[in-house]
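The values are calculated or read from the model by the stated rules, or taken from the named source; none is laboratory data. As the structure is a computational prediction, the values presented were derived from the model and not from experiment. Here the Cβ positions follow ideal geometry from the backbone for every residue, glycine too, while neighbour counts run over all protein chains shown.
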Amino acid sequence: MATGGKLIVLAAATSESTEYLRSPWRQMLLATLPSKYARYLGVNWSTSVELGEDGQAKYVPNGLRVIEALLAERFGEDNVAVCYADQLDLFVGEQTRVVGIHAHNPLGITFATDVYAGFYGADCEPINADEFRRLIFHPALRRHRDHIKVIMGGPGAWQVEYKGLQQEWGIDCIVHGEAEEVAVELFEAAVRGETLPPRVECKSPKLESIPRIRHRATFGAVEITRGCGRGCQFCSVALRAGKSFPIEHIVANVRAQVAEGADTITLVTEDLFLYQQGKRFQTNVEALKQLFRSVAEVPGVRYLSLTHGTITPVLVNPEVVEELSPWAVGMSPFQSEHSTHPEKRYAMMFVGLETGSVRLFKQYMPGKAYPFRPEQWPDVVLKGFEIMNRHNWFPMATFIIGLPGETEEDTKQSLDLLYALKDFKGVIIPTLFVPLKDTRLAKHEGAKVYRLTDLQWEFFFTCWRYNVEFLRKTSSVRLKLILGIPIYYYLLGRKLYGPGFKYPLFRLGHFPEWFLRSKLYLDFSDHREPKLKVPEFVPIPEERRRPVLPVLE
């Protein structure tokens, strides 16, 4: 097929497609490690993928599968191929007219994921950037450049334009947003050889414009909602109203995945609790139970995995966690010694906490707390964690370091909340503020790792100290940290980030707290009581009480 090729070729980088360790969050985090040291860090196989008998990709990100379904309907399935970088030679040929490329995190800068590669020196780039570069500079694309158009889309497509790399990388058109209502017309123009607009802005499509996928997506990803509507200023999705896919659409996509060997289904959503929501974000518990039951009953589904959820509904409807646990926990692919489940399973879900500062919360994300007031946010977080942990839901919580205008007092409030979370079960991921395109904070300057304050470094490494305790409770890991971190600091760390980096880093290295207590804000040595405590109850303000949800038919 190398000579003729396919009319349309769709491609994705391996680091965005791999089903590494059955875990989307591990896939994303490990892809932020430096590419040049992947082998030594034991993650060199984190880009391993599988091929179909014809050399096409066995699984790719769900967004690419959606575009594939649209193009197959218009041009015929035989004229569309989906592959990884190493197989481009098989499908890009003389008859190829357009190559569509999926970009999730092509430069490794979303949520400042380049921070982790930077710890190894300025010349290191993360695995995801290296893998995307290998795709975009593939010789097959250069060899046939005179008769193909290159279209790029996906949640990270903005990065290429942001860095001014579109022309250098030979990309004819960058598509921003949800492309279902523009994709066919755009690819038709490319097939005809017409000049494409350098950028296309898309509006959120109607649900009927989104086709059912035909082939397997990475991690068995199946969309259940799009949008959110809570209005957080650092997030573009939060500005779009939430909408839910019909159950028939969801189940059909599950069946398509299972038919091609997927035994794990990942329910993709910006907020699980917005599925078939009522007015003012009211959780529809019965609809969620029907959803989980319907997916679990599809023959061949062995595991269920979650993506994102907001913590507020857990307090408003605490029964939802217990009611969903037979599926969310009982069918989870994740296991931990901390779980009380008979098989030690636990549900993992991304939960955005973002800050412990009431001032910053009120300024940038008050809708995240609704129907509670912004001033109640620390109580919402602590009570929500307690409810989830009680039912073996161990969240992956995210915090943002360096929100615009963050002061030392704001950072201290986040540290106070972090200290209050020290005995809870879960993972806490510190991220640096990135001014994402199409957000209200897009014009603000992003947080830079070399500008982090001593307090921000303390927050960063205290999070990872927690994570080591939760994920790797073995003496060998602690020993490696105790021995390796001082060596790293004196050989490289202080040169890169200065002396303020030292004592926060040493906390990750399990240095004695009596040694660190005079140097850091938080003091773990005397087991002091946290300033913030889990409340018995978090009241909903009277003026924010929700209407009754209609009974599900």
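Points worth noting:
- Residue ID - farthest from the chain's Cα centre (by Cα), chosen from residues in the range 482-524 that are at pLDDT below 95, in a loop (DSSP other than H, G, I, E, B) and not charged (D, E, K, R): SER518
- Verdict on THR462 being surrounded by 17 or more Cβ atoms within 10 Å (Cβ to Cβ), in contact with a Gly (Cβ under 7 Å, 6 or more places away or on another chain) and either assigned to a helix (DSSP H, G or I) or touching a residue at least 40 places away in the same chain (Cβ under 8 Å) (or both): no
- Residue selected from the range 74-105 under the condition aliphatic (A, V, I, L, M) and assigned to a loop (DSSP other than H, G, I, E, B), by the criterion farthest from LYS437 (Cα to Cα): VAL92
- The range 257-270 residues that are in the same structural domain as ALA296 (by TED's automatic domain parsing) and within 13 Å of ALA296 (Cα to Cα), paired with ones that are acidic (Asp, Glu) and surrounded by 24 or more Cβ atoms within 10 Å (Cβ to Cβ) (beta carbon under 8 Å, 6 or more apart): none
- Flag if LYS443 is more than 18 Å from PRO512 (Cβ to Cβ), in a loop (DSSP other than H, G, I, E, B), out of contact with any Asp or Glu (no Cβ under 9 Å at 6 or more places or on another chain) and among the basic types (Lys, Arg): yes
- Hits in the range 230-246 - residues which are buried (at least 20 other Cβ atoms within 10 Å of the Cβ), at pLDDT below 95 and under 23 Å from LEU288 (Cα atoms): ARG230, VAL237, ALA238, GLY242
- Scanning the range 386-408 for residues being in contact with a helix residue (DSSP H, G or I) (Cβ under 9 Å, 6 or more places away or on another chain) and within 17 Å of PRO318 (Cβ to Cβ) gives a total of 8.
- Any hit, the range 377-391, residues being farther than 28 Å from ASN105 by Cα, among the aliphatic types (A, V, I, L, M) and touching a Gly at 6+ places or on another chain (Cβ under 9 Å): yes
- Which listed residue is closer than 16 Å to ILE67 by Cβ, modelled with pLDDT under 95 and in a loop (DSSP other than H, G, I, E, B), from GLY156, GLY121, GLY108: GLY156
- In the range 418-451, residue nearest to THR312 (Cα to Cα) [restricted to those that are in contact with a Leu (Cβ under 6 Å, 6 or more places away or on another chain) and surrounded by 19 or more Cβ atoms within 10 Å (Cβ to Cβ)]: ALA420
- Among the residues making up the range 4-39, those that are of a type in the set (Gly, Ala, Ser) and more than 14 Å from the chain's Cα centre (by Cα) are GLY4, GLY5, ALA11, ALA12, ALA13, SER35, ALA38.
- Every residue from the range 21-77 that is within 24 Å of GLY118 (Cα to Cα), surrounded by fewer than 17 Cβ atoms within 10 Å (Cβ to Cβ) and in contact (Cβ under 8 Å) with a residue 60 or more places away in the chain: LYS36, TYR37
- Search result, residues across the range 379-391 that are surrounded by fewer than 23 Cβ atoms within 10 Å (Cβ to Cβ) and closer than 18 Å to ARG345 by Cα: GLU386, ILE387, ASN389, ARG390, HIS391
- For the range 285-308, filtered to residues that are touching a Pro at 6+ places or on another chain (Cβ under 9 Å) and outside any helix (DSSP H, G or I), the residue that is farthest from VAL321 (Cα to Cα) is ARG302.
- Only residues that are surrounded by 23 or more Cβ atoms within 10 Å (Cβ to Cβ) and either more than 25 Å from GLY227 (Cα to Cα) or charged (D, E, K, R) (or both) were counted across the range 357-377, and they come to 2.
- Candidates ASP130, ASP89: the one that is at pLDDT 95 or above, among the acidic types (Asp, Glu) and in the same structural domain as ALA57 (by TED's automatic domain parsing) is ASP89.
- Hey, THR439 free of Cβ contacts under 8 Å to residues at least 24 places away in the same chain, over 16 Å from the mean Cα position of the chain (by Cα) and in the same structural domain as VAL237 (by TED's automatic domain parsing) or not: no
- Residue within the range 315-335 that is part of a strand (DSSP E or B) and under 24 Å from CYS463 (Cα atoms) present: yes
- Any hit, the range 444-456, residues being closer than 30 Å to PRO499 by Cα, at pLDDT below 95 and aromatic (Phe, Trp, Tyr): yes
- Single residue of GLU161, GLU131, GLU178, GLU194 found to be outside any helix (DSSP H, G or I), within 25 Å of PRO435 (Cβ to Cβ) and of a type in the set (D, E, K, R): GLU178
- Cβ pairs under 7 Å, 6+ apart, first in the range 160-188 and under 19 Å from GLY63 (Cβ atoms), second aromatic (Phe, Trp, Tyr): VAL160/TRP169; HIS176/TRP158
- Flag if ALA262 is modelled with pLDDT of 95 or more, closer than 22 Å to GLY220 by Cα and part of a loop (DSSP other than H, G, I, E, B): yes
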